[in-house]
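Every number in this text was worked out from the coordinates using simple rules, so none of it is lab data. Nothing here was measured: the structure is a model prediction, and the numbers come from that model. In this analysis, Cβ positions are derived from the backbone assuming ideal geometry, glycine residues included, and neighbour counts consider all displayed protein chains.
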Amino acid sequence: MTDDLIEQARAGDSDAFRMLTEPHRRELEVHCYRMLGSVQDAEDMVQNTLLAAWRALDGFEERASVRTWLYRIATNQCLSALRSGRRKRAATEVGIAENDLPEPTHYGDIVWLEPMPDHLLDFADTSALGPEAVYEQREAISLASITALQLLPARQRAVLLLRDVLGYRAAEVSEMLGTTVASVNSALKRARGTVGRRSRDIEPPQPNSSSEQALVADFVRAYQTGDVEALVRLLTTDVRISMPPIPLEYHGRDAVAGFYAKVFGKRRYTLVATRANGQPAFGAYLATGVDPVWHAAGLLVLDLAGPRICGLTRFDNDVMPRFGLPRTLSV
């Protein structure tokens with residue numbers, strides 16, 4: 001069947017080419033997202049990949065599978081984009097005093113990060129995988145992992161994903177990237193060392209488990225009532241708040257308590273549940289005076305460690321349509 005489709009596609013049959021490539025589109029988007037940290041950039045890169053594959057189909061020698069061939073093209077498309085620097089999003093400057101915010105403890109470097117809706121992650125059947133492999137697949141798409149990947153040099157990032165996440169052999173990766181096996185092994189060792197230093201010690205609860213649901217319910221209650229003390233009790237001591245594309249960050253329970261004391265002082269929120277990157281997430285809506293309409297105030301994604309929250313990432317309103325979240329809510 002595949003051989004027939006390849007021959008038909010080489011003869012100019014675009015429907016045959018689509019049948020060859022469409023089964024891999026979603027996983028290619030996830031791969032490009034891991035490489036670039038942006039859903040929009042990942043979608044663009046997959047379009048570029050399919051266009052390049054269509055043009056190069058006559059040169060496809062079928063020594064590897066169509067899937068591997070597409071991953072080779074997609075990875076190199078991402079590496080070219082990273083080298084050009086054209087896809088990075090600029091930081092948004094925010095006045096601390098004007099917005100009644102406390103002084104940040106840190107400034108983030110990864111301001112172009114975007115969240116990925118969970119419905120875009122349903123590309124692989126994990127039923128045949130063991131618990132450890134399933135956890136690794138989940139962890140590889142978490143916001144913490146995507147952030148750690150963006151801190152790696154581009155070639156190390158590609159090698160780590162192709163070897164540890166996708167399971168390609170070193171020889172296959174060297175051919176995909178046009179380099180040597182020794183270079184691949186060296187890049188993998190350095191990448192593992194960097195990412196390993198940032199990995200968490202405590203696993204999150206299983207998605208939609210009773211323990212996750214209980215923690216999320218407590219968070220929603222504290223957030224919607226503006227109860228800073230109740231919120232702080234849910235946090236780890238090393239909790240972090242980040243707000244891409246705003247570079248301000250708050251690290252540690254005391255700093256986060258000070259941040260939310262300011263945020264909740266003059267504002268009331270309601271939350272609408274969704275999921276991003278395999279993690280609980282919420283559309284936040286802000287009440288404005290006596291107006292009966294609640295206005296979108298960004299997307300919150302929770303990073304969990306055991307029975308506590310170790311990170312909160314707030315994204316701008318422009319990501320909310322991807323999650324089916326409206327701009328306003330009527331009370």
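So how strong a dipole does the range 12-98 carry about its Cα centre when Lys and Arg Cβ are +1 and Asp and Glu Cβ are -1, to the nearest 20 debye?
Value, rounded to 20: 300 debye.
Along Cα→Cβ, 7 Å out, is where each label goes; now give me the distance between the ones at Ala56 and Met19 in nm to one decimal.
2.4
Explain nothing, just compute: Karplus ³J(HN,Hα) = 6.51 cos²θ - 1.76 cosθ + 1.60, θ = phi - 60°, for every residue of the range 97-114 in order, whole Hz, x for Gly and Pro.
Computed from phi, the couplings for the range 97-114 are 5, 4, 9, 6, 10, x, 4, x, 8, 8, 10, x, 9, 9, 8, 8, 4, 10 Hz.
Report the normalised scattering of the range 180-230 as log10 I(q)/I(0) at q = 0.27, 0.31 Å⁻¹, calculated by the Debye formula with identical scatterers on the alpha carbons.
With one equal scatterer per Cα and no solvent, log10 I(q)/I(0) is -0.95, -1.03.
What's the ranking of 12-18, 286-292, 175-181 by average number of surrounding C-beta atoms within 10 Å, highest first?
Ranked by mean Cβ neighbours within 10 Å, highest first: 175-181, 12-18, 286-292.
Taking a point 7 angstrom from the Cα of Ser330 along the C-beta vector, which residues in the range 280-318 have backbone N less than 11 Å away?
Inside the label zone: 293.
Taking 0.36 nm per intervening residue step and subtracting the Cα-Cα distance, what contour gain separates Asp218 from Asp44 on full extension?
Gain in length upon complete extension: 58.8 nm.
What is the dipole size for the chain, taken about its Cα centre, with +1 at each Lys and Arg Cβ and -1 at each Asp and Glu Cβ, in debye to the nearest 20?
My answer is approximately 800 debye.
In a GNM of the chain with a 10 Å cut-off on Cα contacts, which of Asn317, Asn208, Asn76 has the highest mean-square fluctuation?
Of the options given, Asn208 has the highest mean-square fluctuation.
Counting helices only, and only those DSSP H runs with n ≥ 4, report the 222 nm mean residue ellipticity of the chain as the sum of -39,500 (n - 2.57) divided by its residues, in deg cm²/dmol to the nearest 500.
-14500 deg cm²/dmol
If packing is taken as the mean number of other Cβ atoms within 10 Å per residue, what is the order of 41-48, 243-250, highest first?
Result, highest mean first: 243-250, 41-48.
Any idea how far apart Ser80 and Arg268 come out in nm if each label point goes 7 Å out from Cα toward Cβ?
Rounded to a tenth, the inter-label distance reads 5.4 nm.
Taking the alpha-carbon set of the range 1-88, what are its Rg and Dmax in Å?
For the range 1-88, the Cα radius of gyration and maximum Cα-Cα distance read 13.2, 41 Å.
Does the range 210-303 classify as rounded, prolate or oblate by the C-alpha gyration tensor (a ≥ b ≥ c root eigenvalues; a/c under 1.5 gives rounded; else a/b over b/c gives prolate, otherwise oblate)?
rounded
Highest mean first, what order results for 277-284, 299-306 on Cβ atoms within 10 Å?
Packing proxy ranking, top to bottom: 277-284, 299-306.
Quick one: Cα convex hull volume of the chain, Å³ per residue?
Cα convex hull per residue, to the nearest whole number: 151 Å³.
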